[in-house]
Amino acid sequence: MAKVNQGDTTHTAKHHRNKQIQGIGDNIMNIAIIGSGNIGSGLALTFGQTAYTVTVASRNVQAAQALADKLGRSNVQASSITEAVKGADVVILATPYDAVRTLANDADFAGKVVIDVTNPVKADFSGLSIGFETSAGEEIQKLLPHATVVKAFNTVFAQVYEQGLEFNGSKAQTFIAADDETAKQTVLTLANEAGFDAVDAGALSNARYLEPLAYMNIHFGYMLNRGTQIIPAWLSR
């Protein structure tokens, strides 16, 4: 096997990012959603209503196929994790945070824009397992060094997707954090076209603040009995 140097890797990543921007303009973006649970199902429903191609993948291939069949849209299909990532321009990690380390060995993420939807919530929901000096987003970037990680959609309850992204006449906000500006613009465009009011949240290190915000939303929803039809919003006037 030929040796690939860092320059080759950088060139490949740039090639993929250029393809992604072209894909947005031509409505031919290929999105892989890893995870067929509540979040993955909600994202598949939402992006399935766009012109993009959506591939749902899961270790449980039958569950992924059942989700694609349930949605019944011609642009939504199911496949293995390896094949979904291989054919994708953008990969959405809609799995628990602790599952990502194993996923990193399941497919080649090099050159991909990877959207991290995870929150490192403790098993007993008493708080977050990491924070202050790092975040799930930053740790996932370390696990996938040749991908470009973007934090997004982590403050959205799965149940919101079921009832739509409009709240009293306003679009649901999602906060997009990344170090790579091209990748960030790709995800901002994807989110806006899916029906969100996408907000630039700065660098990937700001996931250290977005993840606690998501946990506060969980606390409002479940511990303070506000329900799941709520979402954080940054207002201005």
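The values are calculated or read from the model by the stated rules, or taken from the named source; none is laboratory data. Being a predicted model, the structure only gives us computed values, none of them experimental. No Cβ is skipped: glycine too gets one built from the backbone with ideal geometry, and neighbour counts run over all protein chains shown. SASA here: full protein model, heavy atoms, side chains in, ligands and nucleic acids out. Shrake-Rupley method; radii C 1.70, N 1.55, O 1.52, S 1.80 Å.
Mean residue ellipticity at 222 nm from the helices of the chain, using -39,500 (n - 2.57) per DSSP H segment of n ≥ 4 over the full residue count, to the nearest 500 deg cm²/dmol?
Value at 222 nm, helices only, nearest 500: -11500 deg cm²/dmol.
Classify segment 20-104: rounded, prolate or oblate, from the alpha-carbon gyration tensor (a ≥ b ≥ c, eigenvalue square roots; a/c under 1.5 rounded; otherwise prolate if a/b is larger than b/c)?
On the way: a/c = 1.81, a/b = 1.27, b/c = 1.43.
Oblate, because a/c is 1.5 or more while a/b does not exceed b/c.
Explain nothing, just the number: dipole magnitude of segment 70-163 about its Cα centre with +1 on each Lys and Arg Cβ and -1 on each Asp and Glu Cβ, in debye rounded to the nearest 20.
Working: 8 positive and 11 negative charges, 45 e Å.
For segment 70-163, the charge dipole is close to 220 debye.
Hey, what's the per residue convex hull volume over the C-alpha atoms of the chain, in cubic angstrom?
Working: hull volume 32.6 nm³, N = 237.
Considering the Cα atoms of the chain, their hull volume per residue is 137 Å³.
So, for segment 90-161, what is the accessible surface per residue at a probe of 1.4 Å, expressed in square angstrom?
Details: 2770 Å² over 72 residues.
I get 38 Å² per residue for segment 90-161.
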Starting from the Cα gyration tensor of segment 43-170, take the square roots of the eigenvalues, sort them a ≥ b ≥ c, and report rounded, prolate or oblate (rounded when a/c is under 1.5, otherwise prolate if a/b is larger than b/c, else oblate).
oblate
How many Lys pairs in segment 68-210 lie less than 27 angstrom apart by Cα atoms, where the lysines are 8 or more positions apart or on different chains?
16
Interchain or long-range residues, amide H under 5 Å from Gln77's placed H
Val54, Thr55, Val56
